[in-house]
Amino acid sequence: MEAVNTGLARRDSQPEDFRVNTFWGWHIKQDREAAFRESRRELPWRARKLDPELTSLYLDEDEVKCVTDNFQNYVDAYFAHSDDVKGVSKDISNKLASGLTSTGGLEDLDAEIERFKKFGRAGLTEVALRLHVDV
């Protein structure tokens, strides 16, 4: 938002209704584990294809290296319709799923609502949810 606000400040006139959107993965299901399986499977397409700059927001240095070193395994798992990424623990993938998407059971809805409120306070005005299969 800092970069957006810097750009807007350079304009001669301000737009009346400037919107800021994000495309967000939504993996909230009645079955929490099914939601995590689905989210783990979709991970290779998150955070600029699991860019270390972004994965480091949720993982320590060794975990980031593990994800980076195994990116092709994430892609292979996706095309195999699997959430099992060779060389990467489910714990690491779950950390990414929790940080980079809305993933969980119905009991996690309140936390996700708070996340979106935080996004709004930061300046986000719209969210496009990517819904997935109903498992």
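Take the conditions (1) part of a helix (DSSP H, G or I); (2) closer than 23 Å to Val4 by Cβ; (3) of a type in the set (A, V, I, L, M); Leu129 misses just one of them, which is (1).
Tell me which residues, restricted to region 91-135, are among the polar types (S, T, N, Q), without any contact (Cβ under 8 Å) to a residue 60 or more places away in the chain and touching a Lys or Arg at 6+ places or on another chain (Cβ under 8 Å). Of everything in region 91-135, those that are among the polar types (S, T, N, Q), without any contact (Cβ under 8 Å) to a residue 60 or more places away in the chain and touching a Lys or Arg at 6+ places or on another chain (Cβ under 8 Å) turn out to be Ser93, Asn94.
Scanning region 1-47 for residues that are closer than 30 Å to Val88 by Cβ, more than 10 Å from the chain's Cα centre (by Cα) and not in a strand (DSSP E or B) yields Gln30, Asp31, Arg32, Glu33, Ala34, Ala35, Phe36, Arg37, Glu38, Arg40, Arg41, Pro44.
State whether the residues of region 79-92 include one that is β-branched (Val, Ile, Thr), farther than 24 Å from Leu131 by Cβ and either surrounded by fewer than 16 Cβ atoms within 10 Å (Cβ to Cβ) or in contact with a strand residue (DSSP E or B) (Cβ under 9 Å, 6 or more places away or on another chain) (or both). Among the residues of region 79-92, not one is β-branched (Val, Ile, Thr), farther than 24 Å from Leu131 by Cβ and either surrounded by fewer than 16 Cβ atoms within 10 Å (Cβ to Cβ) or in contact with a strand residue (DSSP E or B) (Cβ under 9 Å, 6 or more places away or on another chain) (or both), which makes the answer no.
Among residues of region 48-58 being surrounded by fewer than 20 Cβ atoms within 10 Å (Cβ to Cβ) and of a type outside the set (Asp, Glu), the one that is nearest to Asn94 (Cα to Cα) is Tyr58. Among the residues of region 89-133, the ones that are in contact with a Leu (Cβ under 9 Å, 6 or more places away or on another chain) and farther than 25 Å from Arg19 by Cα come to 5 in all.
Every number here is computed from the coordinates shown, using simple stated rules; none is lab data. Note that the structure is a prediction, hence the values are computed from the model and not measured. Using ideal geometry, Cβ is built from the backbone for each residue, glycine included, and neighbour counts are taken over all protein chains shown.
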